[in-house]
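In what follows, a single structure is set out as structure tokens and then discussed.
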Amino acid sequence: MNAAPPSPARRRWRLPAALALASITVCAALAWLLATGSGLRTLAAVAPYLSGGAVRAEGVSGALRGPFAFSRLTLDLPAAKIEMDDIALDWRPSALLSHLAIDRLRVARIAVFLKDTPPSPTPPALPESLRPPFAFALAAEIGALEIHGADADEADGAAPVFVLREGHLTLDGTSARLSLNQL
């Protein structure tokens, strides 16, 4: 004996039920990524794959909703490799509806390793405006910023060509204040 096909009234509820279940699943996954330490660690683990190896994060703690920290964040860009140590960030993701609000960003050390890049056939052009593409507020502390020449390798321990010690930066989207304690 074959079972009778579902009645039209039952079939009518299948699509809305499936859509509701999918929506609940997506919301739960987003809540897990934003609100838990394991969600942030998962994002940090997949970042190298999603960025083609350009972004690597180590020693991840906290949750994406903030505050969170990295013991090291490495950005491998075409013109430079940037290593940031002991990063702590506290922000307000709820403010993203209108602007980016970073209440506190502390970086113990930033090392920039410039890469040899072929000269561009066209000269660089000035931007039409220096206005940021979105509103933001930022308060940042930098323990040390080191810029190394293109011939330096992060493993050889060569002296940087520029060093900044103890910098503070405050931006509110309309004005900026930079305090440099030691160059």
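The values are calculated or read from the model by the stated rules, or taken from the named source; none is laboratory data. Everything quoted here is computed from the prediction, not taken from an experiment. Virtual Cβ from ideal backbone geometry, glycine too; neighbours counted across all protein chains shown.
The table below gives the values:
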| quantity | calculated |
| --- | --- |
| Of all residues making up the range 17-53, the number that are among the small types (Gly, Ala, Ser), in contact with a strand residue (DSSP E or B) (Cβ under 9 Å, 6 or more places away or on another chain) and part of a helix (DSSP H, G or I) | 4 |
| Tally of residues being at pLDDT below 90 and in contact with a helix residue (DSSP H, G or I) (Cβ under 9 Å, 6 or more places away or on another chain) across the range 44-85 | 3 |
| Pairs with Cβ under 9 Å, 6+ apart, first in the range 62-83 and free of Cβ contacts under 8 Å to residues at least 60 places away in the same chain and on the phi > 0 side of the Ramachandran plot, second in a strand (DSSP E or B) and aromatic (Phe, Trp, Tyr) | Gly62/Phe68; Gly66/Trp91 |
| Within the range 33-65, tally of residues that are among the β-branched types (Val, Ile, Thr) and exposed (fewer than 13 other Cβ atoms within 10 Å of the Cβ) | 1 |
| Cβ-Cβ under 6 Å pairs, at least 6 apart or on other chains, the range 117-139 side within 18 Å of Leu96 (Cα to Cα), far side outside any loop (DSSP other than H, G, I, E, B) | Phe136/Leu100; Ala137/Ala101; Leu138/Ile102; Leu138/Leu171; Ala139/Arg104; Ala139/Thr170 |
